[in-house]
Amino acid sequence: MNLVQRPPPSWMARNPIQPLELAMALLLTLHRVADYDAWRKVYDSVADMQAAAEVTSESVHRMVDDPNNVLVLHYFDSVDKARAFTTLPQLKDAMQRAGVQGEPRFEFFE
């Protein structure tokens, strides 16, 4: 059997996976969006904001039976940094531009 070696997906090039033991805190964000594709464009456009807020790693997941229900995981060095991220006016603005419906659910884990 011949195995085909494929290049890594493009998202790995812009956001390399970090070992989880480096991340001390996890911010879980759950929200509904009007249109995932429109939301994703805005999300991808704010990578600099995430970097400035010291996000160490991130991932986006969609509910299987409801693809406009989005789960975002952001890792930080501390819960304080994660909490500060959720209060950024730029984050609120980005969520509004991206079509987030209702209030996002933020949960913090260590």
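Rule-based calculations on the coordinates, nothing more; no lab input. Note that the structure is predicted; figures quoted are calculated from it, not measured. Glycine also receives a Cβ, built like all others from the backbone with ideal geometry; neighbour counts cover every protein chain displayed.
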Taking the square root of 5 times each eigenvalue of the Cα gyration tensor, what semi-axes in Å does the equivalent ellipsoid of region 55-96 have, largest first? 22, 15, 7
Quick one: give the max-minus-min coordinate of the C-alpha atoms of region 22-109 along each principal axis, largest first, in Å. 31, 25, 20
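For R83 and R32 in one chain, what is 0.36 nm times their gap in residues minus the Cα-Cα distance, to one decimal in nm?
Details: separation 51, 0.36 × 51 = 18.36 nm, distance 2.05 nm.
Residue separation times 0.36 nm, minus the Cα-Cα distance, leaves 16.3 nm.
Going by how many other beta carbons lie within 10 Å of each one, how would you line up H61, H31, H74, fewest first? Numbers along the way, then the final one.
On the way: H61 11, H31 20, H74 24.
In order of increasing Cβ crowding within 10 Å: H61, H31, H74.
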In debye, nearest 20: dipole of region 22-109 around its Cα centre with unit charges on the Cβ of K, R (+) and D, E (-)? 140
